[in-house]
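Enquirer: Okay, here's the structure, questions in a sec.
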């Protein structure tokens, strides 16, 4: 980092610290910056300047890929489910909508074939994405 960036970053740390002090004093809650007589630097609090916050904070949620989200929705599982869950949902849907179960009605059999094809495409896409 160059000098200008460092001075901006240092100023930003000072502003954050001052605002935290003002809010905690006003609301009577413990100040996260007070650890005895020494006021810690943000580096002491596991601040990761290369990311969006503290290192011990929850990891950011993965960006939702709309194409994959559509496939998860088709199989009725939550976005980000593991391969085992996806496969179990796929098998359940295939078993319930298999065209052989509707052999007495051509219209119902055709609908079942379309559904089965959609489920197979969704599973194939998710399987490929989860294995890579």
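Enquirer: Between residue 65 and residue 92, what is the label-point separation in nm under the 7 Å Cα-to-beta-carbon projection?
Expert: The two pseudo-label positions are separated by 2.4 nm.
Enquirer: At 7 Å along Cα-to-Cβ for each site, give me the label-to-label distance between residue 105 and residue 130 in nm.
Expert: Result for the modelled spin labels: 3.1 nm.
Enquirer: No solvent, one uniform scatterer per C-alpha: report log10 I(q)/I(0) for segment 66-131 via the Debye equation at q = 0.21 1/Å, two decimals.
Expert: Cα-only, vacuum Debye calculation for segment 66-131: -0.77.
Enquirer: Residue 83 versus residue 13, label points 7 Å from Cα toward the beta carbon: distance in nm?
Expert: 4.4
No lab work stands behind these numbers, since they all come straight from the coordinates. These numbers come from a predicted model, not from an experiment. Neighbour counts run over all protein chains shown; Cβ positions are idealised from the backbone, glycine included.
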